[in-house]
Structure formats: C-alpha cells, structure tokens
Amino acid sequence: MRGITKRFPGVVANDDVSLELRAGEVHALVGENGAGKSTLMRILYGMYPHDEGSVEVHGQAVRIHSPRDAIALGIGMVHQHFVLVDPFTVAENVILGQEGGPIVRADEANRKVTELAAAYGFQIDPAAAVESLSVGEEQRVEILKALYRGVDILILDEPTAVLTPTEAEALFENLRRLRDSGKSIVFISHKLDEVLEIADRITVLRRGKVVGETTPSATSKAQLAEMMVGRPVLFRLEKPATRIGEPVLHLEGVHAGRLHGLDLEVRAGEIVGVAGVEGNGQRDLADAIMGLRPVESGRILLDDRDLTSMDTAEIRRAGTAFVPEDRQEQGLVLDMSLWENALLGRQAEPEYARRGGVLSIRKVKHLAEGLITNYDVRARNIDTTARTLSGGNQQKLILARELDGDPKLLLAAQPTRGLDVGAIEFVWRQILDQKAAGRAVLLISAELDEIYALSDRIVTLFEGRITAEYPSDAPPEEVGRGMLGDVDEAEAG
Amino acid sequence: MLAAVDAGSLRFGDIGAAVGIAFTYFTIIYLTGLGGLFSERSGIVNIGLEGMMIIGTVTGSWGAHHFTLPPPDGLGWGLPWGPIMGLLIGMLAGAIFASIHALVTVTFRVDQIVSGVVINLVAIGIARFLSTIFFGQATQSDPGQPHLNPINIPLLSRIPWGFGRAFQQLSPMVVVAALLVVPVWYALYRTRWGLRLRSCGENPEAARSLGVRVAPLRYEGVLLSGALAGLAGAYLSVEVTNSWGEGQTQGLGFIALAALILSNWDPIRLMLAAFIFGFAQAIPLRLMDAPGLRLIPDPFVRMTPYVVTIVVLAGFVGKVRPPAAAGRAYEGGTT
Amino acid sequence: MAATGVSMPTEAPRERPEWVENLAGQALALVVALLIALLLGSLIIFAYGESPATVYGAIFHFGFGSKDGFGYVLTEATPLIFSALAVAVCFKGGMFNIGVEGQYLVGMVTASWAALKLDFLPGPLLMWTAILFGMLGGIAFALVPAILKVKTGAHEVVTTIMMNGIAVSLVAWAINGPLKFTTQEGTHNVNLRTDPFMANARIPDLGHMFGIRSAVHLSWLFIGALFVAALIWFVLKRMRLGYEARAVGASAGSARAGGISIGNVQIQLFVLSGALAGLVGMQQLLADKNYLPIGYEAALGFTGIAVAFLGQNSAPGIVFAAILWGVLARGETAVQIQTDVPREFVIILQGILIISVVVTYQLAKRRLLARQLQRAASTEDFEDSAATLDTEAMAKEDR
C-alpha cells in the first residue's frame, strides 16, 4: 500500500500511509485508538475507498471496491467484533457467500469445513450453532472463513481483546503455523506485550501517519508506546494515599443473570478493581448493582441500605454514580443535546423539576455549562447533539454528570474503552480524585493495565463469582490465574 | 341420521362448515404470512401487509372481470382465465406496490414501521382511486364476478357426520396455498439464495463482509411479500367474496403478522398458526349457535378474531425469536 | 471556573443556534416534499387532460377563496389536530399508537352516554362533562394495549389495530343497545342513531363571529384544538414527562440507567394519547351533529397518523399539517365539480405527499447530522482523534 490517504468528515484518518507486507510474516500494526490502523486495513479489505494512493498485490496495481474484490485477491479480514450469524452453524457461516452452487447441502458443507480445519490444525465442530460457541472458538470460525476462501493475506483486528491468556496463546500457535505455511498476517493491536511476542515486523501509526517501522528485537515496549503517543507515557499515575474507611458497598451471595453467588465489598476511600475476561458476568454485576437487572437471590447493601429490590432511580438517589461500559446504550441519549443529557439521572430532583413536573431549563443549562467547563468537554455549545462528541468527550460528559452529585459509590465499567491516551489519563485522574475524596470506587475492567494503575485491591471475576483477591502489587500471572478460575481454596479471597 | 346429532342447536355439519371457512381464511392468512416471512427474514419489518393485500383485492377483482372474455381462436384451453388473471394481476400489483416499501426502507432507510404504516394509509387511497377507474365507483365493484370452480378434496370430503363439509366446495387456491410450504421451505433452508436471505435478516454486516449483497436481497424479500400478500388479497376478492369492497380485508394483514410471530417465523408452524386464526374468523360466521356463544351478544362474538390475536400476542412475546436484524436499517452501501 | 452564559471553548464565529438550523431544515424538507408531490400529481393531472394550474387552483381557491371555504378547512382540521397529537405523543416515546381510530370511537360512545344520561346537568356543564367522558373513554380503551405492552411486551402496533376492530363492534352494540334511540318511532328514519342531545351539550359556534355560516360548524373546539396543541408542546418540551418520554424514545437503555421508569412513561403517554383521541370525535358529536350516528366519520384515526408524519410529530407542525390536509380534503369537492379529474385524485396526492415527506425528512436529518459532525470535529483539536472511529460507528448505526 503506497501513499494511502483517507478522509472522513472533519478528520484525515490516514495520511500518506505506506505499508509493505511480505509473504510468510506476521506484521503488526500498532497505534492508539483512532490512529487509523483499522481504517487502513478496511481500505485494504475494500470496505472503504481510499482518496489517494495505490495498492499493489503481488506486484499488480489493483483497485479494491468491495470485500468481494479483496477476497478474490486473496485478502481476508477477521474483525474485532465478530461478524457471525448466530443461529447458523459453523459450516453455514463459513460457506456463506461462497456456497459453490445454488443448492446447499449441510453434510457436504460440514465435510468441507472439517477438512479445512484439520489441514490447519484447528479444532471445531462444523455442525455446532455459532451462538453456542466460546469466544475463542468463534474467532477460529472467523479465521476459517478466510482460509476457506483461499486467502494469502489475513488481517486480524485486535484479535486478543476478547480472549483469555490461554486462548491467546492458542491463537498465536495457529498464527505461527499459518505464517510458516507462507501466509502473510497483519496483526492490529494496541497491546504491546503481545505485539513484541508474535510480530516479525512492526509499523507504528500515530494520528493517521506512519511514525516508525521496526522489529521486536530492535525496540522495547516503552519505545513503542512513545512512538504511538509522541511523548513519554506514564504507565502509572500516582495513587493518593488515603485512609480506607468502612465498607460502603456490600454484595452477598448475589445471584443474577450470570452471577452465581457473588460476594464483594468496597470500602470508603478504596478502589476495588474487578479483573476478568469479558463474558464472565461483568455486565450483569454492574446491572445488578444499578437495579437494571433483577437480583434472584442475595443482597446488595449501600452503607446499611438494602438496594436489592430498589429501582434504579432510588439506587441513584441513595448515592450511586454509574459510568456504564456502553456509552451509547446505557450512558447518553445520543440524539439529545448536551444539556438534556446532563439532566439524565437527575430529572426528579426538585432543583431541576418543579412541582407539577415543569422543568427549570435555565438551571439545567447552567448545570450543563458548569459541567462541560470543569470536565473539559470539548463541544461547541451545550445545545449541540451528544452524537457529535468524540468518544472521549462523551465519556467526560458522563463522568461530569455522574460525579457532580457527590456520590458515595462510583461504579465504573470499562471506563476507558475506545479512548485515546489523553482521555484515558483524564478519566483515571478523575477516578483517583474520587478515591482521594474518600468515596468508594468499584472498577470493572478487562484491561489489566487499568486495573493495576488504579486499584488498591484486585479481585478476579470468573463465571459469575469472585474467585480470588490480590493486593495491588501482585504479579500479573497470578491475577491471570484467578481470571481463569485456576485457584485453590487457600488463595480464594 | 347422524348428521342431525346436535350439540345444542349446533350441528356437526356446522362445525364442518366452520372448518371449511377456516381453510378459506387460512389461505389468506397463510399466503400473507408467508409474504411477511420472506420480508422479515431478509431483515425488513413489513406491517404494510394489509395495504399490499388491499391492492391485491382491487386489482384482482378488476382482473377477474376484465379477462372473462373468451380468448380468440379457442386458446383458452377451457381454463377460467378471468379468475386466473385476477389472481396473477393481484400478485403482480402487490409486488409493484411493495416496491415503494422496499425503496423507502432499504434505499432511503426510513424507519420500517413508519413506512409500513404509510403504506397502509396510501393503499386505501390508491384502492379507491383505482376503483373509480376500474369500476366507476369508489368503494366497491360491480357484482357478478367470476371465480374458479370450487373443488372437493377427494376422500376427505366424504368424512361422515357432516365433518366432510370442511373439505367440500373449496377453492383450488386453498390447496395451492397449503402446498406452497414445500417450495418455500426448500428455498429458505436448502438453497444458496435462502441462506443468504436469512443472513441478511440475522446479521447483515456478516453477510456484507462476505460479499453478499444485502440490499438486492432485501428488495427481493419485500417484493415477494408484496406478491404473496397481493395474491392473498386477490384470492379474497376473486374467490371468497366474488367482488371488491372497501375494507374487506378487515385487518387480516395484521392478523397474519400475529400468526407470523406466533409461528416464530417458520413456514411450517405458520400453517398451524394461520389455521388457528382462520378458525377464529370462522367462529362468528358459523358457530354463533354454539352453546355458550349464544349467550354473548352478537357484536361481541364478532370481536373474536381480534381478541384471539391480542391474547396470542400477549402470551407469546418473549418466547419467540424474530430475525435478529429485522427492524434496523443497514448502513454500508449496496456493494 | 464556571462560565456564565453560553460557553464557547474556541473562538468560533457566532453561528446560528442549532434549533434554528433544525427547524429550517425541517421546513425545507416539507417544502421540497410538497413540491415533489405536486409535481408527481401533475403527471396524473396531465393524464386526465387537465392542467395542473386549474386543478391545484381549484383546490386552493376552495379552501382560501371564501370565508365559508376557510371555515370548512378549519372545521376539517380540528379533529385532525387532536388525532395527530395523539399519535405524535406516543411516537415521541418510541411507540406507535395506531389505535387512535378505535379510541376515538369509544370516546364518542362514552361522550354520548354522558350527554344522554346526564342530561340533568345545567348549562355548559353538560358539554364539559360530555367532553370529559369522551376523553375518559379514549383513555380506557388506550390503556388495554398500553398495559399489555408494559406487562407482556405485546407490540402495540398489532394490538392497537386489533382494538380498532373491537371498537367498531362496540359502537354497533352501543347504538343498538344501551344508547338506542327512543324518540322516533316507526318513522322513515332508516339510519340508526342515538337520540339528539340536549342543546346545552353542544359546543358553541365560532364561525358566526367571522361571518361564516353556522352550517360550516366552525366551533370553539378549533380554538380548543390550538390550545391543546400548545399544551402538548409545553408538555413535551418543558415538562419532565416530555423529557422522559423523549429519552425513552431515543435511547431506552440510557433512560433506564438514568432512573427513568420506562413502563410508567409508556403508560402515561398512552393515557395522554387516549385522552387526545377521545377529543377527536367531539367535533362531529358535539359541534356538528349533536347525536351519534352509526355512519360516523371514519378514518380520522388513520388520517391523524398521516397528519402527524406530515407535521413531523411536532405540535406546531401538526397544526399546519392539519390545515393543509383540510385544504386538500375539502378540495376534493372542488376537483370533482370543476375539473375532469376525479375526486380520488386528491387522495393519491395525499398519499404521495406522505411518502415524500417521510423520505425527505429522513434524508434531511442525515444531511444535518453529517454537517453537525463535521463542524464538531473541526473545532476539536486532533487530540481527540477518536472521532474517527466514532464517525464510522455512527455511520453504521445511524437510523
């Protein structure tokens, strides 16, 4: 790919980017969120047209207009968010789009898929419905889809974001095998440890431009990070030393959704980090505490108040602030203005809603202005729609709104997902400020870096239970075992 | 002798007749429901089925009238061309009308329910307009419209005690509709086209990422739904009432939707659901004398189909699984 | 340091506030849609050998050319305003109340009952009571699908339509049963109807104040409709219920996480909608005929949906759309009499208009959003380059 430039409204996503990929190599594409890595690969895969530049495959200049063209050229892509048809079987998913004839025979499809999988050493049951598979298995289906179409170039977009460490190892095994059989692999990631482990060559993107190209032996994690961000990156912020007080949040034997008898305690002035691979009950934990999911048995207490059967409004009134993992589905109403979003969660407060239900719009707008100034939310004014904010600013707005009420407890779920380093630092600082102010913080995160940076205590969540508890200086391998439920009784908290 | 056995003043013959009527309405509901099936499986919610049916009723009636003239040179092969053309034209008109829904929802990505509501509104107007052109009056057609020769199902129509009446004097379309399940099922589950269509309704991003063209497939789904609903409407005006009248669809298009939900979007289960709802239609028509029902005033019995639909819907939501992507507009172009 | 007044983090030139832009965009979309409809309508007119100028002129002239004509337009518009408001209120909350049709029929029955059975009430009290009962009837009928939706999740589109079917039977039963007429025995009157109501049940005529004949039946109900429209605007924009409704309609998950009770909001919206629907029949019942006939004016519920879409579900838009619709509806007669085009042409025109409004509004919304995104991205510094990803995600999720 030479001199690729791609513009979106208001942003240049790729600015004169060139990338060379050799046969039989794993080439890592590294950069922070929004640097343009996904965009570049989507151009290669034909999902976007490029504005300037050229693409050559095997020496031939080509124009890729659609995924079909890309596949025809031997390019395949495994997206970060899998695109699988849940109710279909593995085989149906693999052959979709290339069925080999107008009639579809299940037994034949199954046979082909089994053969293909065996050829590359994959384990998979072709007749299983995709919705019954584990995440690691789903990823294998995605890779099989590409292999079925005879790709020579395989693009993987943040493949380990959803894998356990063991599954990631298994993936790397498979990738090495593919590489050795002559395939080229593009490995997009922001996880520098993994990149250093698996890649043969590394290209670093920053703000849409290529800022460096190197190999694992010639660089280090710190150097890569610096290239990614353009300045030395602090991996740890300074944690304020606070006196840890009485328990504020207390969960006892909670059964709800995927939670099976969960016990947890968070004290005032303390940050408890819940580490775990996604899919082990994180969402249900947050939802249960906030009253968005009914608790089947067990208790949730805030100070001494029993939250278990309260509705969300009451739980908020009791002093809980919530930064949800899905900004768009649980945090903001994107089509409403900023000031209307600032009101969300507080629309019942007498300050903003007078008797009879009439809103004090002036007061709400005043509140909104204060929030966006104090929390550095970059927006033109408070009337603009929330949708126009970047991810980082959306998150800041949510934080501003939630923290403004002097909550006793802050529940933050995946608070920095999709944010760039500047926004991440800001959010982390806010969370640490809460701790300094003596509030209780429950942090749920799939990023171990984040857990380590913020937590006083680390607990691991596996299959709906807290499996173990660790001090904040515990080695990651141990915490990793807790995340897999691989603990004996002695360690379990 | 046994035919005179009573249950109250309700005779088995009446029950048989009621089942026969149920078959008639089954045909309408099943055809329309199949139409909805194709559309929704491709990812486009279609509540405009009623409107598409309406178009089918008026055009079908016209077709039946218009084509009853004997064809030249004895090319007719003795077939009743009038009704056949009526049915075909109703089908075609329904598909053409459905293209509006397809255009608006697939290309312009307007909310699918909004479009469906609009389609229903517009259909009533168009039907009136066409009626003035076809029949010179706005709300009904002339009487004396031809229809297909009714048939008796062999063997089944001989069932004694009056139950056989269920299978007597049925329109051939009933059989056609019932047999449709075979090609429909095959097309949906055993062909490449069906696999791709279903993928558009479950996860269009996945389909597109593999090079499947989502927009054309969705168009096909919607046009099919228009064709089938139009056919159902034509059947109603050509075979059942032998005339066209405004409002004759009586909400059957929506009942078909309910049947679709009840059937969990499966063509085989849809047959059962369509029959149940068809029977609900028959109750006020033939079973008014049943014990118990006689105690309820007339107008309330007429509400039966609607009440049944509501009860079914209230009981079955959450237990069924619609196509995952139905109702959401799909971005990503038409490549 | 909290700023007072509107805060502008960057020195952007003073721009139009966004609500003006949105309004302008909407108005433009409506005008474009109207033009498209008129254009397409012209094709049909040509097919009849007439000229569009004549046909459209006839429609326009009939509605605006005389006081009586305009009076007819407003009379026609009155029930449509209520009906469209009923639809719009639910729509803001993300729900489709297609059952206005049935709700207003039931409202007419309950209002008739009050007018007939409570006729001992003095003066205007009878009128207000009848109106109240009309609203109550609509509310009661609307509560059924509402509760079903909240408790069982039954989709309101199908349930409300089924309720419409039930309503028709209910009205038939009422006119033949409890409300059967008693005064006219063995006369030539074939039409089933109730007894006429007392004179003080009637809503007073307004038209005579402007020189409009009383046969036009322009009553104070029109003023009432305007007032109610303003009230609904206030509820939606300035009251907590409206805010919660719009939040639920736009993003139910976020609304829930913000402590809003979705079920409560939905029920309240349906109650409001039912009350509005109950008012729909009041024009014919209390201003026009003063009895309940079996040949009532139907389809006001469905037309209300059309008017709601035409007015883009906003209260002021609905008032204008209702008047526009009134012009078109009344124009049918003019078209029939003065041209060779059949009156049903107007119905087609209305149909084309609805479709084109719905489409142009959608396109306008997207254009507007794209422009807002662009402007927003350009005023941030590139530090927040996460805007790139969000743009893609937004494009994918845009509805």
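Take the conditions (1) at positive phi; (2) at pLDDT below 85; A:TYR120 misses just one of them, which is (1).
Residue-by-condition table, conditions (1) crowded, with 21+ Cβ neighbours inside 10 Å; (2) more than 28 Å from the chain's Cα centre (by Cα); (3) outside the structural domain of A:GLY261 (by TED's automatic domain parsing); (4) under 20 Å from A:ILE431 (Cβ atoms):
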{"site": "A:MET310", "(1), (2), (3), (4)": "no, yes, no, no"}
{"site": "A:ASP326", "(1), (2), (3), (4)": "no, no, yes, yes"}
{"site": "A:GLU340", "(1), (2), (3), (4)": "yes, no, yes, no"}
{"site": "A:ARG355", "(1), (2), (3), (4)": "no, yes, yes, no"}
{"site": "A:LEU359", "(1), (2), (3), (4)": "no, yes, yes, no"}
{"site": "A:ILE372", "(1), (2), (3), (4)": "yes, no, yes, yes"}
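Could we say that B:GLY94 is within 14 Å of chain C (Cβ to nearest Cβ) and either within 28 Å of B:ILE268 (Cβ to Cβ) or among the polar types (S, T, N, Q) (or both) here? No: the conditions fail for B:GLY94. In the range C:221-241, the residues that are under 17 Å from C:ALA277 (Cα atoms) form Cβ pairs under 6 Å with partners that are of a type in the set (S, T, N, Q) and surrounded by 17 or more Cβ atoms within 10 Å (Cβ to Cβ), at six or more places apart or across chains, as follows: C:LEU221/C:THR78; C:LEU221/C:GLN283; C:PHE222/C:THR78; C:ALA225/C:THR78.
Applying the condition of being hydrophobic (A, V, I, L, M, F, W, C) and under 20 Å from A:ALA318 (Cα atoms) to the range A:415-445 and asking which residue is farthest from the chain's Cα centre (by Cα) yields A:ALA437. Between A:GLY405, A:GLY418, the distinction of being under 25 Å from A:ILE289 (Cα atoms), within 9 Å of chain C (Cβ to nearest Cβ) and touching a helix residue (DSSP H, G or I) at 6+ places or on another chain (Cβ under 9 Å) belongs to A:GLY418 only. Please work out if A:ARG327 is in contact (Cβ under 8 Å) with a residue 40 or more places away in the chain, more than 8 Å from every other protein chain (Cβ to nearest Cβ), in contact with a helix residue (DSSP H, G or I) (Cβ under 6 Å, 6 or more places away or on another chain) and among the basic types (Lys, Arg). Answer is yes for this residue. When both residues are 6+ apart or on different chains and their Cβ atoms are under 8 Å apart, which pairs have a first residue that lies in the range C:165-181 and is more than 7 Å from chain B (Cβ to nearest Cβ), and a second that is among the acidic types (Asp, Glu)? Short answer, once both residue conditions are applied: C:ALA167/C:GLU101; C:PHE181/C:ASP195.
Can we say A:ALA348 is of a type in the set (A, V, I, L, M, F, W, C), at pLDDT below 90 and not assigned by TED's automatic domain parsing to the domain that holds A:LEU419? Considered against the rule, which asks whether it is of a type in the set (A, V, I, L, M, F, W, C), at pLDDT below 90 and not assigned by TED's automatic domain parsing to the domain that holds A:LEU419, A:ALA348 comes out as yes.
What's the number of the condition C:GLN372 fails, among (1) within 7 Å of another protein chain (Cβ to nearest Cβ); (2) touching a residue at least 40 places away in the same chain (Cβ under 8 Å); (3) closer than 26 Å to B:ALA123 by Cβ? Here C:GLN372 clears every test but (3). From the list C:ALA229, C:ALA250, C:ALA275, the one residue that fits, being at pLDDT 90 or above, within 14 Å of chain A (Cβ to nearest Cβ) and at negative phi, is C:ALA250.
So which of C:ALA277, C:ALA247 ends up being crowded, with 17+ Cβ neighbours inside 10 Å and under 21 Å from A:ASP311 (Cα atoms)? None of the other options fit; the residue is C:ALA247.
Against the numbered list (1) over 30 Å from A:GLY74 (Cβ atoms); (2) among the small types (Gly, Ala, Ser); (3) touching a residue at least 40 places away in the same chain (Cβ under 8 Å), A:SER184 comes up short only at (1). Exactly one residue out of C:SER214, C:SER219 is over 30 Å from A:LEU332 (Cα atoms), under 20 Å from the mean Cα position of the chain (by Cα) and among the polar types (S, T, N, Q): that is C:SER219.
Quick one: would you say A:VAL358 is closer than 26 Å to A:ALA313 by Cβ and more than 7 Å from chain C (Cβ to nearest Cβ)? Taking the combined requirement at face value, the residue does not satisfy it.
Residues that are of a type in the set (S, T, N, Q), facing chain C (nearest Cβ under 10 Å) and touching a Phe, Trp or Tyr at 6+ places or on another chain (Cβ under 8 Å) were ranked within the range B:98-148; the one that is farthest from B:GLY86 (Cα to Cα) is B:ASN120. Taking (1) modelled with pLDDT under 90; (2) more than 7 Å from chain B (Cβ to nearest Cβ) in turn, C:ALA146 satisfies each apart from (1).
The sole residue among B:ILE153, B:ILE124 that is closer than 30 Å to B:PHE23 by Cα, assigned to a loop (DSSP other than H, G, I, E, B) and in contact with a helix residue (DSSP H, G or I) (Cβ under 9 Å, 6 or more places away or on another chain) is B:ILE153. When we screen A:GLY245, A:GLY291 for residues that are closer than 27 Å to A:ASP433 by Cβ, touching a strand residue (DSSP E or B) at 6+ places or on another chain (Cβ under 7 Å) and assigned to a loop (DSSP other than H, G, I, E, B), the only hit is A:GLY245. What tally of residues in the range A:45-75 results from selecting those that are of a type in the set (A, V, I, L, M) and more than 14 Å from chain B (Cβ to nearest Cβ)? Qualifying residue count, the range A:45-75: 4. Inside the range B:224-262, residues that are within 14 Å of another protein chain (Cβ to nearest Cβ) and part of a loop (DSSP other than H, G, I, E, B) make up a count of 6. Return yes or no: is B:SER209 within 30 Å of A:ILE64 (Cα to Cα), within 14 Å of chain A (Cβ to nearest Cβ), touching a residue at least 12 places away in the same chain (Cβ under 8 Å) and among the small types (Gly, Ala, Ser)? No: the conditions fail for B:SER209. Residues in the range A:243-256: is at least one in contact with a Ser or Thr (Cβ under 6 Å, 6 or more places away or on another chain) and more than 24 Å from A:PRO476 (Cα to Cα)? Within the range A:243-256, one or more residues are in contact with a Ser or Thr (Cβ under 6 Å, 6 or more places away or on another chain) and more than 24 Å from A:PRO476 (Cα to Cα). Within the range B:294-326, the set of residues being facing chain C (nearest Cβ under 9 Å), part of a loop (DSSP other than H, G, I, E, B) and either at pLDDT 75 or above or more than 30 Å from B:GLU205 (Cα to Cα) (or both) comprises B:PRO297, B:MET303.
The values are calculated or read from the model by the stated rules, or taken from the named source; none is laboratory data. Because the structure is predicted, anything quoted here is derived from the model rather than measured. Cβ sites come from the backbone with ideal geometry, for glycine too, and all protein chains shown count toward neighbours.
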